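Here's the structure, in structure tokens; my notes come after.
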Amino acid sequence: MPVTTSAPQQTENASPGEPQGFFKGFLKEAIELVVVTLLLLVLIRWGVAEARYIPSSSMEPTLQINDRLIVEKISGHLGKKIERGDILVFYPPPIEMSGKDLSNDILHLAGRYTGLPFFPNEPAFIKRVIGLPGDMIRIQAGQGVFINNQLLDESAYIKEVPNYSLNVLGDIRGRNMDMRSIQYETDPKHMSDPIMVPAGHLFMMGDNRNNSEDGHVWGFLDQKRVIGRAFLLIWRKLDPPTYPPNLQAQE
């Protein structure tokens, strides 16, 4: 019995428009990959951790310029209580930024949650928690920091004792990042009040007390501006040792 053959049938996708279908599929997968990557980036950066580097000497000797560290955020989301001595990374208060609150800027928010370099870079500070809500702060030049009239033992981490004094709210002043003179904002009739940390706020100081833009310049930090805790030092550049000239290699 003779066998007849039929012409091969074309599949639905096999058509002159097949290259167009390929590119549509490729574009779809690329978009999905970008979206998933961004979502994971935001989830990790917002909820888990982010990397930061130290641009100044304000936390010496604990942290050095160009140190790289991991800022941990999980404990904050789980409600772990902030304690005196914690080293926190935070967005500086608006008074330090000449009154600008970048938390209302869409592009800066995108930079916060993605860390991508093509968004505006928002500065962040790193300091140590010295005063907790309800604490009364007093600083005496040449002596140190007093918490509720008790001298705080900080010999384990500070570079040197402060060379300035803070006794009342009116003493909180200095220069901000733009080198403009700033004064702690309060009702003039309260300028002579003791320095009492308000509820929901912290008093932050750098370990390099005499070279740090911290609470003694701009006052109290709203806890809502905290990014996370300094958790792990991951990289530190070591300078080569300096030897006497007679021990250095001779050409």
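When you scan region 103-113, do you find a residue that is within 14 Å of the chain's Cα centre (by Cα), part of a helix (DSSP H, G or I) and among the basic types (Lys, Arg), even just one? Show your work before the answer.
Kept after step one, since they are within 14 Å of the chain's Cα centre (by Cα), are these residues of region 103-113: 103, 108-109, 111-113.
Filter once more, so that each one left must be part of a helix (DSSP H, G or I): 103, 108-109, 111-113.
Right, trim to among the basic types (Lys, Arg) and you get 112.
Yes; the residues of region 103-113 include at least one that is within 14 Å of the chain's Cα centre (by Cα), part of a helix (DSSP H, G or I) and among the basic types (Lys, Arg).
Can you name the condition, by its number, that Glu83 falls short on among (1) closer than 30 Å to Thr37 by Cβ; (2) acidic (Asp, Glu); (3) modelled with pLDDT of 95 or more?
Looking at each condition in turn, Glu83 falls short on (1).
Identify, please: which residue in region 120-166 is basic (Lys, Arg) and not in a loop (DSSP other than H, G, I, E, B) and is, among those, farthest from Ile87 (Cα to Cα)?
In the first step, residues of region 120-166 are kept if they are basic (Lys, Arg); the result is 127-128, 138, 159.
From what's left, not in a loop (DSSP other than H, G, I, E, B): 127-128, 138.
Numbers: Lys127: 6, Arg128: 4, Arg138: 20 Å.
Residue satisfying both the conditions and the ranking: Arg138.
Identify the residue in region 205-234 that is under 14 Å from Pro162 (Cβ atoms) and aliphatic (A, V, I, L, M) and, among all such residues, is surrounded by the fewest Cβ atoms within 10 Å (Cβ to Cβ).
Taking region 205-234 as the starting set, the residues that turn out to be under 14 Å from Pro162 (Cβ atoms) are 205-217.
If we keep only those that are aliphatic (A, V, I, L, M) too, we end up with 205, 217.
Numbers: Met205: 23, Val217: 18.
The selected residue is Val217.
If we scan region 193-211, do we find a residue that is of a type outside the set (Ser, Thr, Tyr), without any contact (Cβ under 8 Å) to a residue 24 or more places away in the chain and more than 27 Å from Arg112 (Cα to Cα)?
If we filter region 193-211 for residues that are of a type outside the set (Ser, Thr, Tyr), which is where we start, we get 193-211.
Then drop every residue that is not without any contact (Cβ under 8 Å) to a residue 24 or more places away in the chain, which leaves none.
Checking region 193-211: not a single residue is of a type outside the set (Ser, Thr, Tyr), without any contact (Cβ under 8 Å) to a residue 24 or more places away in the chain and more than 27 Å from Arg112 (Cα to Cα).
The values are calculated or read from the model by the stated rules, or taken from the named source; none is laboratory data. From a predicted model like this one, the values you see are computed outputs, not experimental measurements. Note: ideal-geometry Cβ built from the backbone for every residue, glycine included; neighbour counts use all protein chains shown.
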